[in-house]
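The values are calculated or read from the model by the stated rules, or taken from the named source; none is laboratory data. Values in this document were obtained by computation on a predicted structure and should not be read as measured data. Note that each Cβ is placed from the backbone with ideal geometry, even for glycine, and that neighbours are counted across all protein chains shown.
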């Protein structure tokens, strides 16, 4: 339990950040899952749009400090790799 005004304020701030970060992470997981599903089905423009949305969401989450920047970069690289492999398989 916080005993000082500054500690009470930090506790309130922590609670606000936790709620915001939780909602951003949840939305992020949804967008990335949607992109992975689209890559598996590979339907051209729809897939590329889903992947772009996921990349944008990952970058925004990393920029605001919700996830680590390296995690964002790693996820983007993996998603892009799967997209390129699926596109090459579709052409062949």
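A compact table of results
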quantity: Among the candidates 50, 2, 7, residue that is exposed (fewer than 13 other Cβ atoms within 10 Å of the Cβ) and either in contact (Cβ under 8 Å) with a residue 12 or more places away in the chain or touching a helix residue (DSSP H, G or I) at 6+ places or on another chain (Cβ under 8 Å) (or both); calculated: 2
quantity: Of the criteria (1) within 12 Å of the chain's Cα centre (by Cα); (2) modelled with pLDDT under 95, which one residue 41 fails; calculated: (1)
quantity: Residue 55 being surrounded by 15 or more Cβ atoms within 10 Å (Cβ to Cβ), modelled with pLDDT of 95 or more and within 23 Å of residue 17 (Cβ to Cβ); calculated: no
